[in-house]
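Have a look at the structure below, then the notes.
The values are calculated or read from the model by the stated rules, or taken from the named source; none is laboratory data. Small disclaimer: the values here were computed from a predicted structure and weren't measured. Every residue, glycine among them, receives a Cβ derived from its backbone with ideal geometry; neighbour counts consider all protein chains shown.
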């Protein structure tokens, strides 16, 4: 049996180094907020050579996701930049969106 976090993490297809941290549902505002974080001490992948790298820094991102029934849904995540010995500092790719997009892969028709 899945608990709430496991269910949403499975539906989003999350895997290491990403984990679902929190879910906030506010029916009065009409919004579902899903918070994802990188697992502490996990390396990140260079988007060019795919080697494991240390983290240079991170930046908060918000993506519009598919509606959860009639409620707007958003994914929040502090996304790290990798520090690759070969390619320098690069923005890490996240599995739920395309680079530079404010929408998740599943919300392209919104």
Among (1) within 23 Å of residue 3 (Cβ to Cβ); (2) assigned to a strand (DSSP E or B), residue 16 falls short only on (2)
Those strands (runs of 3 or more DSSP E) completely within the stretch 22-108 that have 1 or more residues that are more than 21 Å from residue 12 (Cβ to Cβ) are 52-68, 71-84, 88-91
Within the stretch 64-90, residues touching a residue at least 12 places away in the same chain (Cβ under 8 Å), exposed (fewer than 15 other Cβ atoms within 10 Å of the Cβ) and over 30 Å from residue 27 (Cβ atoms) come out as 85, 86, 87, 89
Open item on the list: Scan the stretch 45-56 and tell me whether some residue there is closer than 22 Å to residue 5 by Cβ and either at pLDDT 95 or above or touching a strand residue (DSSP E or B) at 6+ places or on another chain (Cβ under 7 Å) (or both).
Closed with: no
Here the residues within the stretch 22-63 that are under 15 Å from residue 88 (Cβ atoms) and surrounded by 13 or more Cβ atoms within 10 Å (Cβ to Cβ) are 44, 45, 46, 47, 49, 51, 53, 55, 56
